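So the structure is just underneath, and the comments pick up after that.
The values are calculated or read from the model by the stated rules, or taken from the named source; none is laboratory data. Here the structure is a predicted model, which is why all the values come from computation and not from measurement. Cβ placement follows ideal geometry from the backbone for every residue including glycine, while neighbour counts extend to all protein chains displayed.
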Amino acid sequence: MDTVKTRWYFLLLMLRLSGARLGAFLRQLGRHPTALLGLVVLAVYLCAALFAPWIAPHDPRQGDIAYRLEPPGTPGFVLGTDHVGRDMLSRLIYGARVSLLVGFVSVIISMVLGTVLGAVAGYFRGWFDQVLSRFSELLMAFPFLIFAIGVMAIMGPGFVNLIGALTFKSWVEFFRLARGEVISEKSREYVEASRASGLSHARVILSEILPNIIHSVIVLATLRLGHLIITEASLSFLGIGVQPGVPAWGSMVNDGREFIFVAWWTSTLPGLVLIVLVLAINLFGEGLRDILDPRLKLD
Amino acid sequence: MLEISNLNTHFPTSRGLVKAVAGVDFLLEPGRIVGLVGESGCGKSMTLLSILRLVPYPGRLSGQIWFEGRDLLQESPAAMRRVRGRAIAMVFQDPMTTLNPVFRVGEQIRESLRIHGLVGRAPARAQREMVLSLMEEVGIPSPSARYHQYPHEFSGGMQQRALMAIALACQPKVLLADEPTTALDVTIQAQILDLLRHINRQRKTAMVLVTHDLAVASEFCHEIAVMYAGRLVEIGPTREVIYHPAHPYTRGLLGSIPRITRERARLSPIPGNVPDLAGLAATCAFAPRCAEALPRCREEDPGLCDAGPGHTARCLRLKGGG
Amino acid sequence: MVPLVELKELTRFFYLRPTLLARALAGQRQRVIKAVDRVSLAIHQGETLGLVGESGCGKTTLGRTLLFLHQPTSGTVLYRGKEVTHATREFRSRAQIIFQNPYASLNPRKKVRDIISVPLITRGIRDPFQRQQEILSLLDRVGLSPRHIDNYPHQFSGGQRQRIGIARALAMQPEFVVADEPVSSLDVSVQAQIINLLEELQQELGLTFLFIAHDLSVIYHVSDRVAVMYLGRVVELAPTARIYESPLHPYTRALLSAIPSVDPGGRRERILLEGTVPTPIDPPGGCRFHSRCFCSLGDVCREEEPRLATVSGTHQVACHRYPGE
């Protein structure tokens, strides 16, 4: 079998397997209407963010002063305009990109970093575990937002800095979770059995323990996603999030503050959109936890 | 003393009706020890819980349980509470989880006395004395020191003794013991069984001992009742059941136990697995695994047939000529 | 004849180290759990050595330490006369283990196929097709239907899971198997099935077993020789028939007398031991059993620890009453 064919075979196999799993998963999801709702809403946001250039009616950065502070319902501006004449709808759609991008990337990096470090610490214990645990406890002592503000104030606004600040504090949660789960799984007999069958430590962690803890990690990731998105919005609100000019919901809320009595939609709409997204994520996360957990109590 | 008549405990599940206990009848006479023997899932523990009406939701009980002239299944919840722990007491399998870990052992024993109104207005010292004498009776060494200890400071055997002190505090007429020695080492098991025997002789307490260990039942009980898939398949005096087992399942069990005898014969296990209790038909539940099954066995429900003096078994082969 | 497996003064201690804070504030000292304390045994090819004892005696730890699942604190393990210092791939392929708990010893997230693939891959079988053939033949040998290959552990009964565990151990084609209470969590009728299976496999494949159990009837049935452990030491070692007919060590005698027997004729005079099974944490000096012994010789038992000595031929006891050679 040449490698190309092998790769296709492998890909198809993966798709089929994940397809089968996906089918079962969706059926389970069907029993949790709130979770399903959350997922649908999230999917809508994702599509909006993905296809922004095609669906946004206007350029989010270009504003026409002639049309400043138009209320929602004005022809051509479904959700109104802000104080420099920029279309609210387009800005909201592009804002989704920022929130989702920052949110997902931060969560994924925290998840991977935290889980790997936690697994290694939990499995091998010793000085590595001690050092990392103490360090993580130190980090946890800082209130999240203050910490993020501090970092961003020093580093300056921007995507990368933002993601860095969020990740730096978030990985700790995954670290503690993974570490705890690995410590408890490690003493289980099937792990001993795999060692007796000749597996190296690395393979034991990767192929035996990790599949058993991944569900908790995923649930945590889903729940943290909402929190990180809100934090990003908070930072942008304070002006130390994304670069000025990039449409982000937090900064939109801030921009609209002065005009809140004359043009409520400039501040309120971004806030609303944010709430709905985070609510959807949380509903989905809760449902996910219910789906993944009892399936684990398989005996 | 305790007469159980056509006891049924049913659980409606998504897979069908699970008859955890199906049509069980037996008689417990005063001062006698009956062993309820069977493998996991056969319904023996559920039978004990049914007697005290402690069956978890959504279980439904039917039948009759006659005790002291009253049918326990018809009694009000208040009346049942007076029976539980007082007239009929129960000892469970794992003492570590049955004892409350945050209260001292002496307190837990005293609580049993208090709940059932046996101490009334007696001063604290008198109550303590009662507890200490109970602890002595069940063989807990240095009772006055142990009174103030917590369950985790007791060993497994002593925890079980403490549980028995709680159970015996109110001088029950019947003691239900659900696998009291399964979690214990064999030397401790011997001690506990010795204690139970002593209690049975001294206080004339009737007992129902649930166990999966036929050897324990054989040594300890006056009568043995064998259960399979929720039904009582054989019941009779111990010697009768052990030496002249009437039901093929009992014979199979006896054949699969390794014994310490001169020759080491090969074990003859029962082929197959225990059936799923959901939606079981009324015919003989053991037929699919029975080496002596007749075609009739899959169609008819064998009732309890005579197999000797005081000895019955649920097998069609015993009904006149096979 | 060089024994297949030989243990010389094998020791495994667990150290309970209190944290700095506990040591400073509460004066907690380091404590030692002497789980296995200088055990010397020889296991011959083709035999089944039964290892019996109550909870805390160290039999489970011994089984795992000799397979290097725990690193020994001291002592040596010899395989076919050659010292083994750590688990090499070769050692793993010769010596395997079957676990007690069929529910915990299989990874709940893996299919049977994947569970049994692990040892096969270690053995070097890279081709998935060949692996599948091996797996199917192993399943057949342990009495499981081939259609179960893609099922998950929770879909099986306890007895079936234990069979999967046995198949996994056999996948490495071992010569020596440590069976750690393989039937203790099973129902009586299933127990009998598994015991028969293990006996058949031993005959067919010429396996050597270290059979660890607490059920003396099972040990009697399967073992050629029996070693009795108490608090980390072997107190008696003899061929099965001898030990059950004429046990010498007081603990063995008490243990045997405590076994309930189905057959009323086979009952012994019950010796009831005082007190409870002590823990192996910081055991007292002298004979470990002396605090519960009903025929202690007094001072010597309290102060000096008896060695395992040969009393007659193949019968060894560690008791001051039988000094032996």
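Remarks
- Within segment B:133-148, residues that are surrounded by fewer than 17 Cβ atoms within 10 Å (Cβ to Cβ) have Cβ atoms under 7 Å from residues that are assigned to a helix (DSSP H, G or I) in these pairs: B:136/B:143; B:144/B:132; B:148/B:106, counting only partners at least 6 apart in sequence or on another chain.
- Qualifying residue in segment C:165-182 (condition: under 17 Å from the mean Cα position of the chain (by Cα), within 13 Å of chain A (Cβ to nearest Cβ) and among the acidic types (Asp, Glu)): yes
- Count of segment C:133-147 residues which are over 27 Å from the mean Cα position of the chain (by Cα), surrounded by fewer than 17 Cβ atoms within 10 Å (Cβ to Cβ) and in a helix (DSSP H, G or I): 5
- For segment B:164-206, a tally of residues being closer than 21 Å to residue B:97 by Cα, more than 14 Å from chain C (Cβ to nearest Cβ) and in a loop (DSSP other than H, G, I, E, B) returns 1.
- Residues of segment B:1-57 satisfying the condition of being more than 22 Å from residue B:172 (Cβ to Cβ), in a loop (DSSP other than H, G, I, E, B) and touching a residue at least 40 places away in the same chain (Cβ under 8 Å): B:15, B:38, B:39, B:40, B:41, B:42, B:43
- Of the set (1) modelled with pLDDT under 80; (2) within 23 Å of residue C:238 (Cα to Cα); (3) within 14 Å of another protein chain (Cβ to nearest Cβ), all apply to residue C:255 but (1).
- Candidates in segment C:84-100 are the residues that are at pLDDT 85 or above and within 7 Å of chain A (Cβ to nearest Cβ); of these, the one that is surrounded by the fewest Cβ atoms within 10 Å (Cβ to Cβ) is C:92.
- Total residues in segment B:167-183 satisfying the condition of being surrounded by fewer than 24 Cβ atoms within 10 Å (Cβ to Cβ) and of a type in the set (A, V, I, L, M, F, W, C): the figure is 5.
- Subset of segment C:208-219 (residues that are free of Cβ contacts under 8 Å to residues at least 40 places away in the same chain and either in a helix (DSSP H, G or I) or more than 9 Å from chain B (Cβ to nearest Cβ) (or both)): C:218
- When every residue of segment C:73-83 is checked against the conditions, none turns out to be within 14 Å of chain A (Cβ to nearest Cβ), at negative phi and either free of Cβ contacts under 8 Å to residues at least 40 places away in the same chain or among the charged types (D, E, K, R) (or both).
- Selection count where residues are in a helix (DSSP H, G or I) and either at the interface with chain C (Cβ under 10 Å from one of its Cβ atoms) or among the aliphatic types (A, V, I, L, M) (or both), scope segment B:207-257: 18
- Residue that is farthest from residue B:1 (Cα to Cα), among those in segment B:34-89 that are within 14 Å of chain C (Cβ to nearest Cβ) and touching a helix residue (DSSP H, G or I) at 6+ places or on another chain (Cβ under 7 Å): B:39
- Which numbered condition residue A:247 misses (of (1) of a type outside the set (Gly, Ala, Ser); (2) part of a helix (DSSP H, G or I); (3) crowded, with 18+ Cβ neighbours inside 10 Å): (2)
- The single residue among B:302, B:275, B:271 that is in a loop (DSSP other than H, G, I, E, B), under 16 Å from residue B:25 (Cβ atoms) and either free of Cβ contacts under 8 Å to residues at least 60 places away in the same chain or more than 14 Å from every other protein chain (Cβ to nearest Cβ) (or both) turns out to be B:302.
- Selection within segment A:193-217 - buried (at least 19 other Cβ atoms within 10 Å of the Cβ), facing chain C (nearest Cβ under 8 Å) and within 23 Å of residue A:289 (Cα to Cα): A:208, A:212
- Set side by side, the residues B:277, B:254, B:318 differ, and just one is within 25 Å of residue B:16 (Cβ to Cβ) and surrounded by 15 or more Cβ atoms within 10 Å (Cβ to Cβ), which is B:277.
- Complete set of residues in segment B:104-116 that are assigned to a loop (DSSP other than H, G, I, E, B) and within 27 Å of the chain's Cα centre (by Cα): B:116
To keep it simple, each residue is scored yes or no on (1) buried (at least 22 other Cβ atoms within 10 Å of the Cβ); (2) within 14 Å of chain C (Cβ to nearest Cβ); (3) modelled with pLDDT of 90 or more.
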| residue | (1), (2), (3) |
| --- | --- |
| A:137 | no, no, yes |
| A:147 | no, no, no |
| A:153 | no, no, no |
| A:156 | no, no, no |
| A:159 | no, no, no |
| A:176 | no, no, yes |
| A:180 | no, no, yes |
| A:188 | no, yes, no |
| A:191 | yes, yes, no |
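- Within segment C:264-282, considering residues that are under 15 Å from residue C:247 (Cβ atoms) and more than 8 Å from chain B (Cβ to nearest Cβ), the one modelled with the lowest pLDDT: C:268
- So residue C:261, is it crowded, with 17+ Cβ neighbours inside 10 Å, within 12 Å of chain B (Cβ to nearest Cβ), modelled with pLDDT of 75 or more and in a loop (DSSP other than H, G, I, E, B): yes
- 2 or more residues under 24 Å from the mean Cα position of the chain (by Cα) and on the phi < 0 side of the Ramachandran plot: qualifying helices (runs of 4 or more DSSP H) within segment A:101-202: A:126-141, A:144-155, A:159-186
- Pair list, Cβ under 7 Å, 6 or more apart: segment C:134-163 residue more than 14 Å from chain A (Cβ to nearest Cβ) and farther than 21 Å from residue C:199 by Cβ, other residue crowded, with 19+ Cβ neighbours inside 10 Å and of a type in the set (Lys, Arg): none
- Residue selected from segment C:177-203 under the condition in contact (Cβ under 8 Å) with a residue 60 or more places away in the chain and over 11 Å from residue C:48 (Cβ atoms), by the criterion surrounded by the fewest Cβ atoms within 10 Å (Cβ to Cβ): C:184
- When we screen C:223, C:189 for residues that are farther than 22 Å from residue B:272 by Cα and within 11 Å of another protein chain (Cβ to nearest Cβ), the only hit is C:223.
- Here A:260, A:240 are screened, and the one residue that is surrounded by fewer than 18 Cβ atoms within 10 Å (Cβ to Cβ) and at pLDDT below 90 is A:260.
- If you go through segment A:254-281 and keep only what is in a helix (DSSP H, G or I) and touching a Leu at 6+ places or on another chain (Cβ under 8 Å), you end up with A:254, A:259, A:265, A:266, A:269, A:270, A:273, A:277, A:280, A:281.
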